[in-house]
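J.: Before anything else, here's the structure in question.
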Amino acid sequence: MKYISLLGASGSIGTQTLDVIRSHPDEFRLVAMAIGKNIEVGRAIIEEFAPELVSVADESARMRLHSEYKGKVKIVCGEEGLIEVATHPKATIVVNAVVGSLGLVPTLKAIEAKKTIALANKETLVTAGHIVTEAAKKNEVALLPVDSEHSAIFQCLQGEQSKHIEKIILTASGGSFRDKTREQLENVTVEEALRHPNWSMGAKITIDSATMMNKGLEVIEAHWLFHLPYEQIDVLLHRESIIHSLVQFRDSSVIAQLGTPDMRVPIQYALTYPDRLELSNAKPLNLAEIGMLHFQQVDFTRYRCLQLAYEAGKAGGSLPTVLNAANEEAVEAFLQGRIAFLAIEEYIERALEHHQMVKEPTLDEIRKIDADTRHYVRSLLT
């Protein structure tokens, strides 16, 4: 039996993680979770899974749930609540499925508590990759990728030696606007941006997919997960999202991981690694039915956010922290209808140009840089 602490239980990855737990009650038990502000969903999860500990966003929500579940479930809140969930004594695996930099400190605390980390929150490695990977190495903690692309690479590398890698190739669907020119993007709406052709994801990640910032963040995450320079990390457009990523080796061999677009597959693999279990209601891949797969080189002029991510990653230091914080603020402004779609990349670029890079930022410096960047982007919006 593996005991799960789940950060971001009410989000897209969180709900699919619960589906995996639900499908294998003899293998997994939910002992702690964080649900943010979605109290209604939280109640349903509590009733079904009976976790011992639940964290919510603020004191008001904590008091509401505390009055309902007093004596049955411990209710906590805020960052301290997230940390308490991440370090729950019974938990053997912590699934970090929160969106944004909110997941960084709880992940570090979970690593210090020697919990295995199933990482769906790419911002944790983007903002503080050097700190997180060093902490994992020091505490001998496994960082198991949940993103479909990184899970694919992780699976392709089983039994392989890193010295034999020529490069890794992250595939990208191209997002909601993959068939539009930059000129056609000038007046796109939030509703149009949220219509992803292949995946069902949360709003923020869906917008990131449309700008290709999601892939840029994944490039930075791959750099830290697989200890490869950016020159050995490529991105390839693949419309069908059937090949989730590939590894090319020095002997010219290429190994790829394929499957239908179903996030439960990488989630379950992270929870069961190195074993595999049957996945209920999963659609098997039928290549004859699909018939054709399509691939295309990435145009960095078309996808400016991806170029910015590569530049920030290669420069290193505090720039990826700025990249991520500025993107989160700009995406939120777009979702609120305050800026145009193409303005997202403009605000990110201005934040990067405004920042004075810190070469090896500490955790306190990262948190300050994150806050300062958000303040700067918000000042541009007024």
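The values are calculated or read from the model by the stated rules, or taken from the named source; none is laboratory data. Nothing here was measured: the structure is a model prediction, and the numbers come from that model. Heads up, the Cβs are rebuilt from the backbone with ideal geometry, glycines too, and the neighbour counts pull from every protein chain shown. Just so you know, the surface numbers come from the protein's heavy atoms only, side chains and all, with ligands and any DNA or RNA stripped out. Shrake-Rupley method; radii C 1.70, N 1.55, O 1.52, S 1.80 Å.
J.: Counting only residues that are among the polar types (S, T, N, Q) and assigned to a helix (DSSP H, G or I), which one in the stretch 9-28 is least open to solvent (accessible area, probe 1.4 Å)?
T.: Ranking the candidates gives 17 first.
J.: Could you list, in sequence order, all residues of the stretch 360-382 that are open to solvent by 80 Å² or more (accessible area, probe 1.4 Å) and in a helix (DSSP H, G or I)?
T.: Within the stretch 360-382, 364, 367, 368, 375, 378 qualify.
J.: Could you tell me which numbered condition residue 284 fails, if it satisfies all but one of (1) open to solvent by 10 Å² or more (accessible area, probe 1.4 Å); (2) of a type outside the set (D, E, K, R); (3) within 15 Å of the chain's Cα centre (by Cα)?
T.: For residue 284, the exception is condition (3).
J.: Select from the stretch 288-304 the residues that are more than 19 Å from residue 169 (Cβ to Cβ) and either in a helix (DSSP H, G or I) or open to solvent by less than 100 Å² (accessible area, probe 1.4 Å) (or both) and list them in ascending order.
T.: Of everything in the stretch 288-304, those that are more than 19 Å from residue 169 (Cβ to Cβ) and either in a helix (DSSP H, G or I) or open to solvent by less than 100 Å² (accessible area, probe 1.4 Å) (or both) turn out to be 288, 289, 290, 291, 304.
J.: Of all residues in the stretch 88-104, which are part of a loop (DSSP other than H, G, I, E, B) and free of Cβ contacts under 8 Å to residues at least 60 places away in the same chain?
T.: 89
J.: Can you tell me which residues in the stretch 308-334 are more than 18 Å from residue 224 (Cβ to Cβ) and open to solvent by 50 Å² or more (accessible area, probe 1.4 Å)?
T.: 332
J.: Then there's this: From the list 47, 40, 79, exactly one residue is out of contact with any strand residue (DSSP E or B) (no Cβ under 8 Å at 6 or more places or on another chain) and under 21 Å from residue 328 (Cβ atoms). Which is it?
T.: Being out of contact with any strand residue (DSSP E or B) (no Cβ under 8 Å at 6 or more places or on another chain) and under 21 Å from residue 328 (Cβ atoms) holds for just one of 47, 40, 79, which is 79.
J.: For the stretch 259-275, does any single residue satisfy the condition of being over 18 Å from residue 209 (Cβ atoms), surrounded by fewer than 20 Cβ atoms within 10 Å (Cβ to Cβ), modelled with pLDDT under 95 and β-branched (Val, Ile, Thr)?
T.: No, the stretch 259-275 has no match at all.
J.: Check the stretch 153-164 and report whether any residue there is open to solvent by less than 20 Å² (accessible area, probe 1.4 Å), on the phi < 0 side of the Ramachandran plot and assigned to a strand (DSSP E or B).
T.: no
Residues are listed down the side, and each one gets a yes or a no for (1) without any contact (Cβ under 8 Å) to a residue 60 or more places away in the chain; (2) charged (D, E, K, R):
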residue: 1; (1), (2): yes, no
residue: 5; (1), (2): no, no
residue: 11; (1), (2): no, no
residue: 16; (1), (2): no, no
residue: 19; (1), (2): no, yes
residue: 36; (1), (2): no, no
residue: 46; (1), (2): yes, no
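J.: Still on this structure, please answer the following. Taking the conditions exactly as written (surrounded by fewer than 20 Cβ atoms within 10 Å (Cβ to Cβ) and under 19 Å from residue 31 (Cα atoms)), does residue 80 satisfy them or not?
T.: Yes, satisfied.
J.: Another question, then. Which residue pairs have Cβ atoms under 6 Å apart, sit 6 or more places apart or on different chains, and have a first residue in the stretch 129-150 that is more than 27 Å from residue 264 (Cβ to Cβ) and a second that is assigned to a helix (DSSP H, G or I) and open to solvent by less than 30 Å² (accessible area, probe 1.4 Å)?
T.: Note: pairs meeting the criteria are 135/108; 135/111; 139/111.
J.: Shifting gears a bit: Please go through (1) surrounded by 12 or more Cβ atoms within 10 Å (Cβ to Cβ); (2) free of Cβ contacts under 8 Å to residues at least 60 places away in the same chain for residue 246 and return the number of the only condition it doesn't satisfy.
T.: Evaluating residue 246 over (1) surrounded by 12 or more Cβ atoms within 10 Å (Cβ to Cβ); (2) free of Cβ contacts under 8 Å to residues at least 60 places away in the same chain leaves (2) as the failure.
J.: Please enumerate the residues belonging to the stretch 156-196 that are in contact with a helix residue (DSSP H, G or I) (Cβ under 6 Å, 6 or more places away or on another chain) and under 21 Å from residue 247 (Cβ atoms).
T.: 167, 168, 170, 172
J.: Working only within the stretch 42-54, note down all residues that are under 17 Å from residue 11 (Cα atoms), of a type in the set (A, V, I, L, M, F, W, C) and buried (at least 17 other Cβ atoms within 10 Å of the Cβ).
T.: 45, 46, 49, 54
J.: Here's something else I'd like to know. What residue, of 220, 233, 207, is touching a strand residue (DSSP E or B) at 6+ places or on another chain (Cβ under 8 Å) and either of a type in the set (Val, Ile, Thr) or free of Cβ contacts under 8 Å to residues at least 24 places away in the same chain (or both)?
T.: From the options 220, 233, 207, the qualifying one is 233.
J.: I'd like the residue in the stretch 272-289 that is of a type in the set (Gly, Ala, Ser) and touching a residue at least 12 places away in the same chain (Cβ under 8 Å) and, out of all such residues, is nearest to residue 92 (Cα to Cα).
T.: Filtering the stretch 272-289 for residues that are of a type in the set (Gly, Ala, Ser) and touching a residue at least 12 places away in the same chain (Cβ under 8 Å), the one nearest to residue 92 (Cα to Cα) comes out as 280.
J.: Further question: Determine which single condition residue 37 fails, assuming it passes every other condition in (1) at pLDDT 95 or above; (2) in contact with an Asp or Glu (Cβ under 9 Å, 6 or more places away or on another chain).
T.: Unmet condition: (1).
J.: Of everything in the stretch 122-142 that's more than 13 Å from the chain's Cα centre (by Cα) and outside any helix (DSSP H, G or I), which residue is surrounded by the most Cβ atoms within 10 Å (Cβ to Cβ)?
T.: Here the residue is 141.
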